[in-house]
Amino acid sequence: MRPKVAVFDFGCCEGCQLQLVNLEEALLDLVGLVDVRQWREAMSEHADDYEIALVEGSITRESEIPRLEAIRRQAKVLVALGACAHTGGINAMKNHMPMEQALEIVYGDKARWFDTIPARPLSAYVPVDAAVPGCPVDRQELVEVVKALLMGVTPALPTYPVCVECKMAENVCVFDLGLTCMGPVTRAGCRARCPSNGNRCLGCRGLVPEPNANAHKEILAEHGRTVEDILAEYRMFVSSAEVAQ
Amino acid sequence: MTLRVMEKGDLASFVERLIASEPGAVGPVRKDGKHVFARLASVEDLDLAYTTTLLPPKKYLFPPQETLLRFRLGAPPVVEPVLEAPPLVVIGVHPCDLRGIWATDRAFGDDHVDTNYRARREAITLIGADCLPDEHCFCTSVGSHLPEPASFDLFVTDIGDAVTVEIGSERGRALLERYARSREATAADLAGLQKRRHAKEAAVKARLNVDVQMLPLLLESVSTSPLWEQLGAKCLSCGNCNLVCPTCYCFDVGDLMQLNLEEGERIRRWDGCTLVDFATVAGGHNFRREAKSRVRHRYYRKFQYLMTRYGRSFCTGCGRCSRSCLAHINPPETINALLAEAEREEA
Ligand code: SF4
Ligand code: SF4
Ligand code: SF4
Ligand code: SF4
Ligand code: SF4
């Protein structure tokens with residue numbers, strides 16, 4: 001029996017689903033192994049008898065909560081797909097301003113037509129069984145997570161930071177290139193995508209389980225970042241975490 | 001052992017001929033203002049004016065990630081070991097990194113012979129080169145600043161107007177005879193080599209203020225030092241110090257399945273004792289829960305446990321961990337602070 005899968009989206013850019021669509025050959029194999037029952041972005045039929053729910057996006061509206069709860073009731077396994085679903089992602093940056101202001105920035109004078117609540121990860125409302133972090137998700141990791149689910153095991157995410165993969169790739173540390181980096185506190189799994197291309201890590205995969213944020217913030221300060229800069233760094237992707245307050 | 005001498009231009013043509021005739025030649029090349037060991041396409045790629053590379057040449061013996069075997073599930077399962085050991089000439093290895101290879105030879109070759117490591121070790125030719133230190137090198141404090149005769153195939157030192165070549169093995173001698181023009185060394189060449197070595201020793205600035213053989217005793221007396229607490233508070237548990245170290249040899253093993261969920265491969269990947277879950281065992285218990293106990297463990301590995309076992313420091317003084325630790329945790333300062341504390345307590 002092929003496991004029945006459905007894909008859902010909440011507040012996000014749908015970029016992670018795009019990664020799923022872009023899997024191409026790998027996707028064909030996956031589709032052979034799973035039975036896709038519902039996927040707004042890729043197919044028109046839909047059925048509600050799914051077992052695995054891949055859920056993208058963060059919860060940004062009151063009306064989304066019951067929809068998410070219904071998915072949770074149906075799914076045996078609920079997977080948070082991408083940074084928005086996993087940590088709140090970029091969306092949660094708005095949590096640090098009044099909601100009316102956030103609405104105005106996004107919708108201008110139409111703001112009064114929309115309701116919004118602080119953006120929260122799925123786990124703020126329902127239990128989440130597994131996550132594929134990242135903005136957007138790493139395709140290879142996405143495939144690994146799906147494989148693990150098919151084998152009936154909980155996919156384990158690395159608990160070590162991006163620095164580990166960065167060192168293995170023998171990159172010059174971007175701190176030595178005059179930049180600063182969220183790598184030391186960010187969960188690995190992207191094969192240090194950004195530092196491997198000469199950019200700093202922005203922390204899109206969320207924090208490691210035990211970040212030493214105090215020590216990291218001191219290092220950022222030593223490298224010339226102001227208190228405001230440092231808060232902004234932490235608020236970009238992990239703003240719902242305590243250390244970003 | 002024999003000492004030979006090459007004229008300066010002859011070293012370049014020797015390297016050129018190695019690149020052209022040997023199956024694989026690697027050496028230090030520039031990368032964003034630093035150096036890494038990498039494939040040499042021509043002698044122009046080689047830059048011997050470097051202190052240390054980002055990763056030590058260990059990566060050719062014990063790669064960051066490698067496949068150990070491929071398998072197909074079923075009754076019975078099919079298992080096929082994977083062993084890749086292409087011949088390689090590594091040019092420009094500094095004395096500290098030769099000592100690093102001595103250390104990994106102990107770890108992978110003594111009690112538990114690691115087939116993959118041994119095969120690659122056999123396939124590698126080491127051409128060492130002398131160096132000048134930067135502010136982090138402390139090789140003289142752990143006695144790894146001189147090339148030991150059994151640790152290389154050839155070792156070159158720039159003595160100003162010529163280059164001396166020490167021959168450390170028959171393989172090295174054969175390469176030299178085949179590809180290089182060299183002459184016998186004179187007393188003046190030997191004096192030049194001595195002078196060059198003294199100059200290097202004098203240039204090493206970072207140091208441990210304690211005799212290397214005293215390190216196990218020192219560490220034994222400071223296991224409850226408040227310093228570990230302070231270092232633990234600064235440490236990011238990022239693993240950088242482990243990953244760049246020429247003598248760290250820990251790894252993690254895992255299986256990677258293909259999409260058909262029938263075939264897969266077993267891979268091993270570098271691990272590090274400063275990472276949070278390094279000491280987490282089945283059942284979830286982590287017996288080095290706090291950063292301070294992980295940092296302390298790392299120092300005990302280098303300067304106590306392994307030293308007691310092998311009679312030599314497992315730290316080569318290369319300074320890579322000092323250079324890559326964003327929190328500035330480094331062996332000279334740590335050891336000297338511990339020593340100062342032990343001396344205070346005695347007074
Ligand atoms: S570039 Fe970033 S991720 Fe890489 S080692 Fe430096 S701090 Fe860590
Ligand atoms: S390096 Fe950092 S910002 Fe870039 S993909 Fe990885 S976690 Fe995200
Ligand atoms: S530690 Fe010593 S041997 Fe190693 S690069 Fe520095 S000076 Fe050379
Ligand atoms: S490099 Fe420094 S901060 Fe990172 S684990 Fe090692 S001691 Fe800790
Ligand atoms: S502990 Fe540091 S200085 Fe010593 S060998 Fe390892 S990286 Fe080099």
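The values are calculated or read from the model by the stated rules, or taken from the named source; none is laboratory data. Every value quoted in this text rests on a predicted model; they were computed, and no experiment measured them. Don't worry about glycine lacking a Cβ; one is built from the backbone with ideal geometry, like all the others, and counts go over all protein chains shown. Just the protein is used for accessible areas: all its heavy atoms, side chains included, with ligands, DNA and RNA removed. Shrake-Rupley method; radii C 1.70, N 1.55, O 1.52, S 1.80 Å.
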Restricting to the range B:259-304, what's the tally of residues that are assigned to a loop (DSSP other than H, G, I, E, B), within 13 Å of chain A (Cβ to nearest Cβ) and at pLDDT below 85? 9
Looking only at the range B:316-335, count how many residues are in a loop (DSSP other than H, G, I, E, B) and away from ligand 2 (no atom under 16 Å from the Cβ). 9
If I filter the range A:235-245 down to residues being open to solvent by less than 50 Å² (accessible area, probe 1.4 Å) and over 24 Å from B:ARG294 (Cβ atoms), which single residue comes out as modelled with the highest pLDDT? A:MET236
Testing A:CYS190 on (1) more than 16 Å from ligand 1 (Cβ to nearest atom); (2) on the phi < 0 side of the Ramachandran plot, one condition comes back false. Which one is that? (1)
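Does B:ALA25 satisfy the criteria of being hydrophobic (A, V, I, L, M, F, W, C) and without any contact (Cβ under 8 Å) to a residue 40 or more places away in the chain? It would help to see each step written out before you state the result.
Numbers: hydrophobic (A, V, I, L, M, F, W, C): yes; without any contact (Cβ under 8 Å) to a residue 40 or more places away in the chain: no.
Considered against the rule, which asks whether it is hydrophobic (A, V, I, L, M, F, W, C) and without any contact (Cβ under 8 Å) to a residue 40 or more places away in the chain, B:ALA25 comes out as no.
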Got a sec? Which of B:GLU66, B:GLU16 is modelled with pLDDT of 95 or more, under 30 Å from B:THR186 (Cβ atoms), of a type outside the set (Lys, Arg) and more than 16 Å from the chain's Cα centre (by Cα)? B:GLU16
Look at the range B:262-319 and say how many of its residues are of a type in the set (Phe, Trp, Tyr) and either over 20 Å from the mean Cα position of the chain (by Cα) or open to solvent by less than 10 Å² (accessible area, probe 1.4 Å) (or both). 4
Mind listing whichever residues of the range B:319-344 are within 14 Å of ligand 3 (Cβ to nearest atom) and within 13 Å of B:LEU208 (Cα to Cα)? B:GLY319, B:ASN330, B:PRO331, B:PRO332
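Results for (1) more than 21 Å from B:GLY239 (Cα to Cα); (2) aliphatic (A, V, I, L, M), shown as yes or no for each residue.
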| site | (1), (2) |
| --- | --- |
| A:CYS163 | no, no |
| A:GLY178 | yes, no |
| A:THR186 | no, no |
| A:ARG191 | no, no |
| A:GLY198 | no, no |
| A:CYS201 | no, no |
| A:ARG205 | no, no |
| A:ALA213 | no, yes |
| A:ILE219 | no, yes |
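Looking only at residues that are polar (S, T, N, Q) and either in contact with a Leu (Cβ under 7 Å, 6 or more places away or on another chain) or at pLDDT 85 or above (or both) in the range A:123-175, which one is farthest from ligand 2 (Cβ to nearest atom)?
My answer is A:SER123.
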Report yes if some residue within the range B:59-78 is farther than 25 Å from B:ASP271 by Cα and either within 16 Å of ligand 4 (Cβ to nearest atom) or surrounded by 20 or more Cβ atoms within 10 Å (Cβ to Cβ) (or both); otherwise report no. no
Among all residue pairs at least 6 apart or on different chains, which show Cβ distances below 9 Å where the first residue, located in the range B:135-159, is on the phi > 0 side of the Ramachandran plot and the second is away from ligand 1 (no atom under 16 Å from the Cβ)? B:GLY143/B:ARG99; B:GLY143/B:VAL212; B:GLY143/B:ARG312; B:GLY143/B:SER313; B:GLY143/B:GLY317
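Of these, B:GLY311, B:GLY272, which one is touching a Cys at 6+ places or on another chain (Cβ under 7 Å) and small (Gly, Ala, Ser)?
B:GLY272
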Pairs please, first residue from the range B:219-241 and away from chain A (no Cβ under 11 Å), second anywhere and assigned to a loop (DSSP other than H, G, I, E, B) and more than 16 Å from ligand 1 (Cβ to nearest atom), Cβ atoms under 7 Å, 6+ apart in sequence or on different chains. none
Check on B:ALA25, away from chain A (no Cβ under 14 Å) and loosely packed, with under 14 Cβ neighbours inside 10 Å: no
Restricting to the range A:166-216, count the residues that are more than 16 Å from ligand 5 (Cβ to nearest atom), open to solvent by 30 Å² or more (accessible area, probe 1.4 Å) and part of a helix (DSSP H, G or I). 5
For the range B:242-258, enumerate the residues that are over 27 Å from B:ASP110 (Cα atoms), more than 7 Å from every other protein chain (Cβ to nearest Cβ) and not in a loop (DSSP other than H, G, I, E, B). B:LEU256
Filter the range B:307-328 down to the residues that are away from chain A (no Cβ under 14 Å) and polar (S, T, N, Q), then identify the one that is farthest from ligand 1 (Cβ to nearest atom). B:THR308
Do any helices (runs of 4 or more DSSP H) lying entirely in the range A:9-122 carry at least 2 residues that are modelled with pLDDT under 70, and which ones are they? A:25-33, A:99-107
